[in-house]
Amino acid sequence: MKESESLEPPVFWGKRKGRHRYLTWLSLSLSSFLALMMLITYESRWVYPEIQGYFSQTGNLTGQQLATRSRSYVQRAQEKLLVASMPADISHIRHHLELAYGLLDVDIYKQHYACTTPSLALVDELTDLIEQQHIAPLDAAHSLFIVVECLTDIEMSQLDRRGEAINTFATSTRRHSQMLTYSSMVIFVMGLLFWGMHERQLRRTERATNETLAWMKRAMRDPLTGIGNRSALQQDVLARAGEPLGLILVDIDFFKQYNDSLGHPEGDQLLRRLASLLEEQLGEGAKLYRLGGDEFAALISCPDDQALFNACDQLIATLRRSGFKHPAHPGNQHVTLSVGAVRFVAMEVTFAHAYDAADKALYRVKIAGRDGFEVAL
Amino acid sequence: MNVAKISAACWLILIVSWLPIAAYAQDLTIIDGEKSQQLVLSDVKQQADNTVTLFDPYQGREVEVRGIEFRRFLVEQFGEVPPALHFTTWDDYNVTLSGWEDPNWLMVVEEDGEPLTLRSRGPLRLVERDIGTRDIAKLREFNDWIWMIRSIEAQW
């Protein structure tokens, strides 16, 4: 237990550190991809209203230039003037000129085009002259060409301005597009890098976890026989808390003499063979442990004392049938066992008492001449 | 006698020549499905009870206008504010727009004390009392102002 206590803190500290790094890389990676999405959304938001502003003006008040519409009415007035034969046409001419005036009388035109104000004055003057029939229709139509010329200049200039604005917009869009492309690439690469780091950290953490689990597994195993050790026995008892269990302690009689006569390799071989035999005999429901030296322990589900008695009896009988040779045995040429057993309800406190009781029972078997078993009641 | 006849003829010609002008821009057609109604502009003008000073970006200056809250006008004409309205104007401009629940819209009949005419983009004009934070240099931001309104058709 002391050994495991000394090892646990670094292992868990390392795990915590690894988990922290793993989360850091993961969050950095996700943040990069989130930043990429935000950048794309931001750029889209920038582009969309500009597109709306420049390219979706058809069908509304400023979709067609006011100057174009004004020119259209001036030209209609000219047509009427050229074919005017009845006074009733005057009202139509006046109507067209009024509309032309209204569409030209815009502050932005007055500010940017010097011909606007004189043209408005001319329309005003010609309207009065036409109404009063103080001007020949042909002359009036001719005079209106000055207004048409002004309106055409405005139209062309406005188209140029719009073209310039669209060019500026296109340049700006291209710049934003390049910035978006490069930024996206950088952020994407960063995201991949962070994701790679996260994957690397994940693998490291998994490897460390597996190593820890393997270490823990090894720490619970007896390296010679492959069965559980004393720590595993305690852990298993705690894991089955509340269950009625039987604890069987097994000791090989005269094992020192066996080693002395046949050598330690043979002694190790005997331990392995006995472990296999005991496991096979006790069955799948039982678990076998090596407590050290020549001492084994077994845990079996045990509803009553008779079941424990039968298990011990069969253990001794099976070993006798196996007939493992023991040349140095004082009274017998075969390996014999001393077995002490006890039934208990699995708990940490009861296990200590049970172990003590089984050990004493085993000791009594030893005193009584070995090669037998006793169930402590 | 001849002079009297010539004088009468001149007056007749003058009256006849002015009749279509009088017909121009003197009424407003309200269309609600199959039903069509001509409103005399003088009657509409009498309802104008809102006088406000606002900035007209098309004129580049502040003007004092008098008019009718357009939402109230629509309720009076159609019973409620229609989801969309189709406008026809004296310069043959056609447009359908929605969102007329906003009390910000004013139907103007008079500007700086003078009745609106075609040359001042009347006789009826729809403007917004408050233009908020819009850029007054960008006329396209005011392209839902309707000038020279000739007819209003409800679209349900």
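The values are calculated or read from the model by the stated rules, or taken from the named source; none is laboratory data. All values derive from a computational prediction rather than experimental measurement. We place every Cβ from the backbone using ideal geometry, glycine too, and count neighbours over all the protein chains shown. Side chains are part of the model used for accessible areas, which takes the heavy atoms of the whole protein and leaves out ligands, DNA and RNA. Shrake-Rupley method; radii C 1.70, N 1.55, O 1.52, S 1.80 Å.
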Where only alpha carbons of the protein assembly as shown are counted, the Rg and the Dmax (Å): 53.2, 176
Solvent-accessible area buried by A and B, counting both chains, probe 1.4 angstrom, square angstrom: 2500
Per principal axis, descending, Cα span of segment B:27-155 in whole Å: 41, 27, 26
Calculated on alpha-carbon atoms, Rg and Dmax of segment A:266-309 in Å: 11.7, 38
Karplus-derived 3J(HN,Hα), 6.51/-1.76/1.60, for each residue of segment B:145-156, Hz, glycine and proline x: 6, 10, 9, 6, 5, 10, 8, 10, 10, 6, 10, 8
Between 0 and 90°, nearest 10: helix A:264-282 axis offset from chain A longest Cα axis: 70
Extreme residue, positive dipole direction of the protein assembly as shown, given options A:M197, A:L81, A:H92 (C-beta unit charges): A:M197
Cβ neighbours within 10 Å from other chains - mean over A:104-112: 3
222 nm mean residue ellipticity, helices alone, for the protein assembly as shown (DSSP H n ≥ 4; -39,500 (n - 2.57); rounded to 500): -20000 deg cm²/dmol
Cβ-placed point charges (K, R +1; D, E -1), dipole of the protein assembly as shown about Cα centre in debye, nearest 20: 3020
Listing of segment B:34-63 residues, each with accessible area lower by at least 10 Å² in the full protein assembly than in the chain alone (probe 1.4 Å): B:Y58, B:Q59, B:G60
Accessible area expressed per residue, the protein assembly as shown, with surrounding protein chains retained (probe 1.4 Å, Å²): 54
Segment A:230-376: translational diffusion in µm²/s, Stokes-Einstein, Kirkwood Rh over Cα pairs, 10 °C, 1.306 mPa s: 104
Percent accessible area from carbon and sulfur atoms, the protein assembly as shown, protein chains only, probe 1.4 Å: 56
Orientation-averaged projected area, Cα convex hull of segment A:184-250 (nm²): 7.5
Whole-Hz couplings from phi, Karplus 6.51/-1.76/1.60, listed for segment A:131-137; x for Gly and Pro: 4, 7, 6, 9, 9, 5, x
Cα-centre dipole for segment A:230-376 with unit charges at Cβ (Lys and Arg positive, Asp and Glu negative), debye to 20: 260
Charge dipole (chain A, unit charges on Cβ, about Cα centre) - positive-most of A:L291, A:V186, A:N210: A:L291
